[in-house]
Structure formats: C-alpha cells, structure tokens
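In what follows, a single structure is set out as structure tokens and then discussed.
The values are calculated or read from the model by the stated rules, or taken from the named source; none is laboratory data. Remember, it's a predicted structure, so these values are computed and weren't measured experimentally. Counting neighbours? That spans all protein chains shown, and the Cβs are built from the backbone with ideal geometry, glycine included.
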Amino acid sequence: MYRYDALDKEFLADRVSEFRHQVTRRLAGEITEDQFKPLRLMNGLYLQLHAYMLRIAIPYGTLNPAQLRKLAEVARTYDKGYGHFTTRTNLQFHWIKLRDAPDILASLAEVDLHAIQTSGNCIRNTTADPYAGATAEELDDPRVWAEVIRQWSTLHPEFSFLPRKFKIAVTASVKDRTAARTHDIGLALRRGRDGALGFEVMVGGGLGRSPHIGSTIREHLPAGRLLSYLQAILRVYNRHGRRDNKFKARVKILVASLGAEEFGRQVEAEWAQIDPASADLPDTELARIRGFFAPAGFEVLPAVSAKLEAAKAADPALARFLRNNVHPHKASGYAIVDIALKTPGETPGDATAEQMETVADLAERYSQGEARVTHEQNLVLPHVRLDDLPAVHEALKAVGLASANANLISDIIACPGLDYCALANARAIPIAQHIAQRFADQDVAEDIGELKIKISGCINACGHHHVGHIGILGVDKKGEEFYQLTLGGSGAEDAEVGKILGPAIHASRVTDAIDDLVAVYLRERQPGERFLDTYRRTGIAPFKEAVYAEVH
Amino acid sequence: MPKYIRLAAEGAAWADDRFTAVPDEESLPPGDVIVSLKRFLAEGDALQAEGREVGVRIAASEEIEDLAYDLPRLPVVTVVCPKFSDGRAYTTASLLRERYGYKGEVRAVGDVLREQAGFMVRCGFDAFEPADGSTPEQWTQATRRFRHVYQRAADHRPPAFEERQAQDKAAEAAEVKSHAV
C-alpha cells in the first residue's frame, strides 16, 4: 500500500499545528463558534446531539495494522472504546471533547491518518473497490488512481469551496463494489478497443433528497488524462452549480437540469482548453505511485487446501462462514475474507477497540499487513491463504466478528440516525437490530440469499436507502417515528433507484413488513433468482399487496 | 487614502489604494476607478481615453471570458466573494492567471477572510481587502502555513511530485559524485 514519505508527513504535521492554533483561539474565546465552525468542519469535527464527532479519513478504505491499532488506542483514550465505520469507508468517533481534538489528530498523524476533507463542500475521501489488488476481475489496481486523486484533491486551491460536497469512486471490475453510479463522479477502468487503459466517466449520481443514477459522459478517457478531465468537470460545476439552495447544489442537479449531454459538452469544451502538460500527472509520478501497489508476493499454492477441507467438514459454522464471507482471490490458494460488522443485535459498522486490534493482528499475520473498509460498513482481509482460514475464523469468533451474514438479510447498512445525529427524523440502528434479530436463523437467512437492506434516519440518505433492495427511510409524523419502504434499488453495476412501496408505516410494523416482503419473494421466486431479480420480474404489486393487505 | 493588503515576494504589506471603487448607481469621481464589468463594457473606452486608469470588478456570477480581450489594458481586476463559502472567485482568478496570462493585480473583495489566504494566493490573487480586520502579518503567516502543496496552480509553487523528482535527481547527482571520487 501507499507509504507516506517525508513530504506527506510534513504536510500532515503542518495541518495539525494549524488546527491546534485554531482550537486554542476558540477555547480562549478569541473566535466565536460561528467563526470556528467552518474551520473545525475542514478537519472533520462536527457538533452532534451529545458531543463532538470526529470523522477520520480512510483513503480508499485501506488500513495497515499500525493504523488500526492507533484507531483502537484513540477509541480507548478519547472515546467510549469503540468507533463507527461509515458508508464513505471512514471512521467516526462520536464522543469527542473539543480540547482533545488536536491531540487526537497529532496522534493519528503518527500513522499517516488525518481528518482532512471529511466534511465541507470539497472533494471528499475517494473510495475504491475493497477487493482491489486481490480480485481476479480487475483490469488495473483502482487504488493507484484513488491515491492520485487523493493527492491532487488535498487542499485543492480552486475546489475547496464548491457549491456542495463532492464524492468520487474508482472501480476496475465489471462487478461494481463501490456504488460508482451513486457518486458525483464514478470512474470505471476499462480497456479500449486498442487495449489502452481508460476510464468510463459517470457524473451526477447521488442519493440524498433527490436520488439520481450517474450518467456516462465519456466512454473512454485515456487514463493518463484523468486529472485534467476531473479539473474540467469540477470547474464547470464550481462555476455553474447552484449556490442559492443547498438542497439543489449537488452536481447531480446541474447534470439533470442541463441534461447529461450538454453537461458533457461543456466539460469537453473546458477540457480542450486545459494544457495537459500542466494539469496531468507526469508519468514518472504515476509510476512512483503505481510502485506502492505492485502485486504482493503470493506463494504458489494449490487451489484446494486439504487442511481447510478437513476443518470445513468438521465445523459447520466454518463451512457457513466460507459459503457467505469468503470470496475467490486472483492467486491460487488464497481468498478474500469479508468481516461483517453486522452481528445481529449490534450497531451496524461499529467496532470496539478490541475488535480493531484483533483485525490488526489478523491483517499482520495472515493478510500481508492489509485490511480494507467497505462502503457497506464491513471490513475485508484481502489476502488470506486457504490454509489459514480456520485460524482466522476462530480468531474472529473470539471477538464476535465471525457473523457469516455478508450480503444476507442481516448485513444491513444503517446511518447513525436519531441516536446520534442532529439531522435525523427517526432512529435507524434499533430498526436494523430488530430486523437482524428476526432473521437471526442462519439457515433461513441463507435460503433467502442476497438481500441488501439499507436504512436512513432522514432524507439526507446517509444509509443509502434509495439503492437498497429494500430501502427504509425514517420520517417524523407528529412526533412519532414512521418508516417509508422502497423496493428494487441497487448501488451495483445494475444501479437503480428504488420505488416507494406505499404510505409510511409505524416503527412497530417495520420488521413484520420485511417479513411480508420476504414471504412474497420466497413464494414467487424462480430458480436462481435473488430478491432483486424476482422483484424486477413481478413488479411491485404482489409486494405492495402483502404489506398493505391488512389495511384494506 | 484607503489601504489594502498587497502580496509581494517578501510577504504581505499594506498598500495605498489609488483606485476608487464605484458602484453602478453612483456617478464617477475624478481619478483612477474600478467599475463593474457592465459599466466597463459600456464606458471603458471613453474612460481610458480620458487618461485615467480603469480596473474592473467581476461579480461571482460573471464570466471572466467576457473580459478576455480587454485584459492587457487593465491594471487591476477585483473579484467579488459574496460569501466566503462561494468558491467561484477561485476559478475566476485561476483562469485570469493561467488561461489569459494576466499580469496585473487580482484583488479579492467581499467576504474575504484570512482563513482563505492559502487557497487565494495559490489561485493567483495578490491583493486583498479583508472583511475580518486581519493584518498583513496574519496573511503572510497564513500563506506560509504549509511547506508543501500537492497540485500545480497559478502561484507556480512546485507540487510534491516535482519536489520528489528534484530530490531524486539531487540524490543521483550525489551518488555519481561519490563514485567519481
């Protein structure tokens, strides 16, 4: 993975001392909260319902053991012993004191972590395929490009006061694990007819109050021209994006109002005027960055591990874990392991300090020193030898991280909701917990198969409910928590915004309604169909009827 | 004479403002003036013919392209930031410097705060009328806060990747030298 050199480290040190200076001025009363707010937001520090929340950037979701251990240390020293992994692959601490924030950032800087651009109307943390460097599906390592974007976008002088926040995702596989089409810019690496590497550039996706699926404005951008093209897109957006209404300020609104074709034309016109020599990264720097992501040294191993097969035969729990959480690796004899932070009854995305340390140890010992965070709020060990899987499973079990429910009904995305967030209308976490408990029987969950439930506590859609196979949106009705259900959404390569099922239902009825929806699927499904496939074939009617039957 | 902050190689300092910024609804005083883009397009030639120096004020919503042809004869362009969070001024300044090679003064007016100093200087602003009562010393300090930058911009500071290349070359040269000895 990318290693910070002296320049990167000095940059972070300067950032920490700048923020320490600003906090000192605030604590001394030299600046007001109003003046301080934009400064703290540029450092990921939000004022929430109960305390300050600090959001730490995890560039393209990649962590090394030292970083995970440092996060665990911060959780113990300054928070309540845990942290929350987000859908942006970041980590949030929800119980922070303002006076501690500079020390926390200084401590994180020791392991090259920071909170730069985790809030504010700037280019946010760039995400990439969590299986990068491990999956056989990819054309190139998307982290190379995510790192290029990280450096380019860091304190970008022209694009730090955009109309609204701006999110970029990079994928290099046909199967999209980044939800690229729900990003302001989604980049998918493709080979052109001549074999040259390029990007399909998708613009104007986004969730929030008005969900949009991104439109392709360029089928094949030569890879080396990425930064100048991004500059052109950002420039068109910075000049013409709406600034009069923050709910209409995302680039998706500009793209929708101009039409993708006209937006693309303006981008191309701007791009034609940018000098490639000054805007694109020199090949030497690209090669330097690429060098950090050179394929790890994999041993030549047999495709089947006798040791694993024996353990699997003896332990049904391991067999189940392998079925649901372990995926093929590009190197023979290796596997990719999903660690679901979705133990039924727990808060989705939460990890305790002890769990972080266990994952750090496992990454160090069994996964070439790497762990990943996914936008579905799970962790990944990308490079595990088949022989080592039983040991990894045992170690995860010991800290409550062996839930074999990746991609199943209890692998639910939920925002922090009204339990933490000042914007929320309703709670998200208890709803997730209740559903996960209802479907805790793993045989039932496996029979249901892939089913992505996503829950947001308000229309800002941090829980990505629009792209859940089943989406759940919290709304406030005269002080009571109600939930609106949507069906048929997807954030993957077949991206689609879900359709509203019907009137919002009371909190007490949500889990029963999910039960009804699942029952319709089990009744209607044809062989090989996932929930989403059945819904797409039958349409919404039978599902609607089941949930609202008793009302009629 | 009113003062504003002017950036120079040795740092920021107060400078006398010989220009009078004239709102559209007011009639023109004698001497050097800064007028709106609209007024400049209507009256600019006549004003310059009177022998005065004329600068132009660009609103956030106006396009610098409309002024491109006239830039060589303008001593100053002021760019209005209606709110500190409105980032259009940064693109305007970047285009002035990088696309049009404008050599005159680019002055930030409006909701201009010292916290923006680093970004503004990088985009090519070299003059400021701060709204927060900040001093040239504070602006100098703010622009020197970061030892490194990550991208090329109008200020021509070498970005991190160029610094790295320079370091590598220096290391190579040192090695060649040590072998020669």
**Asked** Got at least one residue in segment B:14-30 being buried (at least 18 other Cβ atoms within 10 Å of the Cβ), within 14 Å of chain A (Cβ to nearest Cβ) and modelled with pLDDT of 95 or more?
**Response** no
**Item:** Qualifying residue in segment A:390-407 (condition: in a strand (DSSP E or B) and farther than 26 Å from residue A:180 by Cα)
**Value:** no
**Message:** So in segment A:199-219, with the set limited to residues that are surrounded by fewer than 22 Cβ atoms within 10 Å (Cβ to Cβ) and more than 19 Å from the chain's Cα centre (by Cα), which one is farthest from residue A:236 (Cα to Cα)?
**Reply:** A:210
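If the requirement is being within 11 Å of another protein chain (Cβ to nearest Cβ) and either more than 30 Å from residue A:17 (Cα to Cα) or surrounded by fewer than 21 Cβ atoms within 10 Å (Cβ to Cβ) (or both), which of these qualifies: B:75, B:136, B:82?
Answer to the selection: B:82.
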**Message:** So for segment A:310-331 (the condition being modelled with pLDDT of 95 or more, in contact with a strand residue (DSSP E or B) (Cβ under 9 Å, 6 or more places away or on another chain), in a strand (DSSP E or B) and not aliphatic (A, V, I, L, M)), does at least one residue qualify?
**Reply:** yes
**Prompt:** Considering segment A:270-294 alone, what residues qualify as being away from chain B (no Cβ under 13 Å) and exposed (fewer than 11 other Cβ atoms within 10 Å of the Cβ)?
**Reply:** A:294
**Prompt:** Just one of the numbered conditions (1) in a helix (DSSP H, G or I); (2) among the β-branched types (Val, Ile, Thr); (3) within 11 Å of chain B (Cβ to nearest Cβ) is not true of residue A:267; which one?
**Reply:** (3)
**Item:** Set A:453, A:472, A:435: member being among the aliphatic types (A, V, I, L, M) and closer than 24 Å to residue A:247 by Cα
**Value:** A:472
**Prompt:** What do you reckon, is residue A:492 surrounded by 22 or more Cβ atoms within 10 Å (Cβ to Cβ) and under 19 Å from residue A:86 (Cα atoms)?
**Reply:** no
**Selected residue [under 30 Å from residue A:35 (Cβ atoms), of a type in the set (Lys, Arg) and surrounded by 18 or more Cβ atoms within 10 Å (Cβ to Cβ)] from B:114, B:157** = B:114
**Message:** When you check residue A:341 against the structure, is it touching a residue at least 60 places away in the same chain (Cβ under 8 Å) and either assigned to a helix (DSSP H, G or I) or under 15 Å from residue A:131 (Cβ atoms) (or both), yes or no?
**Reply:** no
**Asked** Which one of the conditions (1) within 13 Å of another protein chain (Cβ to nearest Cβ); (2) more than 30 Å from residue B:48 (Cα to Cα); (3) under 15 Å from the mean Cα position of the chain (by Cα) does residue B:159 fail to meet, given that it meets all the rest?
**Response** (3)
**Item:** So residue A:133, is it away from every other protein chain (no Cβ under 14 Å) and surrounded by fewer than 22 Cβ atoms within 10 Å (Cβ to Cβ)
**Value:** no
**All positions within segment A:233-252 that are away from every other protein chain (no Cβ under 14 Å) and more than 11 Å from residue A:163 (Cα to Cα)** = A:252
**Message:** Looking at (1) in contact with a Pro (Cβ under 8 Å, 6 or more places away or on another chain); (2) farther than 30 Å from residue A:492 by Cα, which one does residue A:102 not meet, given that it meets all the others?
**Reply:** (1)
**Asked** Does segment A:254-261 include one or more residues that are touching a residue at least 24 places away in the same chain (Cβ under 8 Å), part of a loop (DSSP other than H, G, I, E, B), within 24 Å of residue A:88 (Cα to Cα) and not hydroxyl-bearing (Ser, Thr, Tyr)?
**Response** no
**Item:** Output for segment B:85-131, where each listed residue is more than 8 Å from chain A (Cβ to nearest Cβ), over 22 Å from residue B:156 (Cα atoms) and either in contact (Cβ under 8 Å) with a residue 60 or more places away in the chain or among the acidic types (Asp, Glu) (or both)
**Value:** B:109, B:111, B:129, B:130
**Asked** Considering B:107, B:73, B:145, which residue is of a type in the set (Lys, Arg) and under 20 Å from residue A:154 (Cα atoms)?
**Response** B:145
**Message:** I need the full set of residues from segment A:335-349 which are modelled with pLDDT of 95 or more and not hydrophobic (A, V, I, L, M, F, W, C), in order please.
**Reply:** A:338
**Item:** Residues located in segment A:405-419, provided they are among the hydrophobic types (A, V, I, L, M, F, W, C), outside the structural domain of residue A:458 (by TED's automatic domain parsing) and surrounded by fewer than 24 Cβ atoms within 10 Å (Cβ to Cβ)
**Value:** A:406
**Prompt:** What number of residues within segment A:430-466 are out of contact with any Leu (no Cβ under 9 Å at 6 or more places or on another chain), outside any helix (DSSP H, G or I) and surrounded by 23 or more Cβ atoms within 10 Å (Cβ to Cβ)?
**Reply:** 2
**Prompt:** Can you name every residue in segment A:284-300 that is in contact with a helix residue (DSSP H, G or I) (Cβ under 7 Å, 6 or more places away or on another chain) and part of a loop (DSSP other than H, G, I, E, B)?
**Reply:** A:293
